[in-house]
Amino acid sequence: MSIGSRLREERERLNMKQEDFATACGVRRRAQSSYESDTRSPDANYLEAAAKIGVDISYVICGGERPLESTLRNLVIEDLFFCTYFELGFGDEDVQSLIKTAMSMAHEVHNRNEDVDEMAVHLVVPVRNFLNTSSKISQNIQLDSIDTNLLENLLNQLDTVARQKKIILQPKKKALAIAMLYRAFKSSGKVDLRMIKEAADLASESAV
């Protein structure tokens, strides 16, 4: 794997779009694209800025033990976690088949050169299928009670706020934030951007 490939892998691990990542590192998107395609090499100022936002510079330059499989799995689990946590309370072992399906989907997205940080949009259908067929779901839980459009909207808005604030939400904290927001907005029928921003701040602070 080349330096450019590892740089792209790090950007995706941080859930950042190419343009946002480039801005944070003090360059234009075109420069970022050229770095990731190995047509140009980043300079010391760029690498210093990248390190400040959480990029593993040693891995980018030298490589090491961080295979694509592991990175994709972490991204998939992060986006799956909020879909299953508050409604089902399942552990990792219970959702292995769902994770396997989502991992296959993540590889397809990556092979199409799409941003993996938009995976949640692709996960709605397999999550609904899982909820519909899993024998462990209580008969009292009605699939229709899960508003997947609201979940998708909340995830997209929370991710947007996190990128704007340049914060990284840990999977468990992100799941709890989504669960809290979902319950509040499902009851009121209204999505409040101010509450989403406050939830992102709280989740970020509690993750430190």
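The values are calculated or read from the model by the stated rules, or taken from the named source; none is laboratory data. Quick caveat, the model's predicted, so the values are computed rather than measured. FYI the Cβ positions are ideal-geometry reconstructions off the backbone, even for glycines, and counts take in every protein chain you see. Ligands, DNA and RNA are stripped out before the accessible areas are found, and what is left, the full protein with its side chains, is counted by its heavy atoms. Shrake-Rupley method; radii C 1.70, N 1.55, O 1.52, S 1.80 Å.
Of all residues in the stretch 172-193, those that are at pLDDT below 80 have Cβ atoms under 7 Å from Cβ atoms of residues that are outside any loop (DSSP other than H, G, I, E, B) and exposed (fewer than 15 other Cβ atoms within 10 Å of the Cβ), 6 or more apart or on another chain, in K173/S206; K173/A207.
Listed by position, the helices (runs of 4 or more DSSP H) enclosed by the stretch 15-67 that each have at least 2 residues that are basic (K, R) are 29-36. With respect to the conditions (1) within 18 Å of the chain's Cα centre (by Cα); (2) open to solvent by less than 50 Å² (accessible area, probe 1.4 Å); (3) modelled with pLDDT of 80 or more; (4) of a type in the set (D, E, K, R), D117 falls short on a single one, namely (3). Kindly list, by first and then second residue, each pair from a residue in the stretch 17-34 that is open to solvent by less than 40 Å² (accessible area, probe 1.4 Å) to a residue that is of a type in the set (V, I, T) and modelled with pLDDT under 95, limited to pairs with Cβ atoms under 6 Å and residues at least 6 apart or on different chains. Between residues of the stretch 17-34 that are open to solvent by less than 40 Å² (accessible area, probe 1.4 Å) and residues that are of a type in the set (V, I, T) and modelled with pLDDT under 95, the close pairs are A24/I53.
Of all residues in the stretch 48-67, those satisfying the criterion of being at pLDDT 85 or above and under 23 Å from the mean Cα position of the chain (by Cα) are A49, A50, A51, K52, I53, G54, V55, D56, I57, V60.
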